[in-house]
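The values are calculated or read from the model by the stated rules, or taken from the named source; none is laboratory data. Just so we're clear, the structure is a prediction, and the values are computed from it rather than from any experiment. Glycine gets a Cβ as well: all are built from the backbone with ideal geometry, and neighbour counts include every protein chain shown.
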Amino acid sequence: MRSAEVSRQTLETQIIVSINLDGTGVSKFATGLGFLDHMLDQIARHGMLDISVEAKGDLHIDAHHTVEDIGITLGQAFAKAVGDKKGIRRYGHAYIPLDEALSRVVLDLSGRPGLEYGVNFTRAQIGDFDVDLIHEFFQGFVNHALVTLHIDNLKGVNAHHQAETIFKAFGRALRMALELDARMAGIMPSTKGAL
């Protein structure tokens, strides 16, 4: 099983993340941020990943540190769980609609962090959640998972729908990239010989 648990302790946050890349979509979240829990559940369910996140942060200030540090810790756990990457597809992509909204996510488990983020939310808040923090979450993830990630919201009027399509597409793209390819068994999916 490709799984890992990572904890991160700072003066701003205390976070424990566990992940099983060969899971069934089971999730458990206690972040203090209901909307973020809902989005993380999309990653788990559509990525067929088992994910648990326990987080305590300085939410009396705002959600920035908590959201960013969850992205960082999830990225660290992902990198630890994925291992040497031999035999995986490496690349993943997904287009996901939700009513009027449509998002595309394309990723490469490249060993190089990079985020291209083309999202213009129609409003600044979803409930009391600042949509700017979605970028911070993914930036933290790619920096520590060492993933190249392109996120584009192609259409959308409802900001909740825009966000949900992004997280669902991210989960589906991860699922594709992590799949073991029988034709690549034991082979590194890179001409460099390492990722």
Have a look at H46, H65 and point out the one that is touching a residue at least 24 places away in the same chain (Cβ under 8 Å) and either touching a helix residue (DSSP H, G or I) at 6+ places or on another chain (Cβ under 8 Å) or part of a strand (DSSP E or B) (or both).
H46
E116 fails exactly one of the following numbered conditions: (1) surrounded by 15 or more Cβ atoms within 10 Å (Cβ to Cβ); (2) assigned to a strand (DSSP E or B). What is the number of that condition?
(1)
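Please verify whether A124 is more than 17 Å from the chain's Cα centre (by Cα), modelled with pLDDT of 95 or more and under 24 Å from I72 (Cα atoms), treating the condition exactly as stated. Please lay out each step first, then the result.
On the way: more than 17 Å from the chain's Cα centre (by Cα): yes; modelled with pLDDT of 95 or more: yes; under 24 Å from I72 (Cα atoms): yes.
Spelling it out, A124 is indeed more than 17 Å from the chain's Cα centre (by Cα), modelled with pLDDT of 95 or more and under 24 Å from I72 (Cα atoms).
Could you please let me know if A55 is within 17 Å of the chain's Cα centre (by Cα), within 30 Å of A182 (Cβ to Cβ) and touching a residue at least 40 places away in the same chain (Cβ under 8 Å)? First the steps, then the outcome.
Working: within 17 Å of the chain's Cα centre (by Cα): yes; within 30 Å of A182 (Cβ to Cβ): no; touching a residue at least 40 places away in the same chain (Cβ under 8 Å): yes.
No, not satisfied.
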Of the residues in segment 126-165, those that are part of a helix (DSSP H, G or I) and of a type in the set (D, E, K, R) come to D132, E136, E164
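I'm trying to understand the selection: among the residues of segment 158-195, which are of a type in the set (G, A, S) and either within 18 Å of Y117 (Cα to Cα) or surrounded by 12 or more Cβ atoms within 10 Å (Cβ to Cβ) (or both)? Break it down stepwise before answering.
Within segment 158-195, the subset of a type in the set (G, A, S) is 159, 163, 169, 171, 173, 177, 182, 185-186, 190, 193-194.
A159, A163, A169, G171, A173, A177, S190 - these are the residues of segment 158-195 that are of a type in the set (G, A, S) and either within 18 Å of Y117 (Cα to Cα) or surrounded by 12 or more Cβ atoms within 10 Å (Cβ to Cβ) (or both).
Considering each of L107, L11, L102, L36 in turn, give the residue that is hydrophobic (A, V, I, L, M, F, W, C) and without any contact (Cβ under 8 Å) to a residue 24 or more places away in the chain. Full working, then the answer.
Numbers: L107 fails: without any contact (Cβ under 8 Å) to a residue 24 or more places away in the chain; L102 fails: without any contact (Cβ under 8 Å) to a residue 24 or more places away in the chain; L36 fails: without any contact (Cβ under 8 Å) to a residue 24 or more places away in the chain.
Within the list L107, L11, L102, L36, the selection yields L11.
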Matching residues, segment 3-25, being buried (at least 18 other Cβ atoms within 10 Å of the Cβ) and not in a strand (DSSP E or B):
L21
Just to be sure I understand the filter: pairs with C-beta atoms under 7 Å, separated by 6 or more residues or on different chains, first member in segment 76-93 and under 11 Å from L21 (Cβ atoms), second member polar (S, T, N, Q). Which pairs pass?
A77/S18; A81/S3
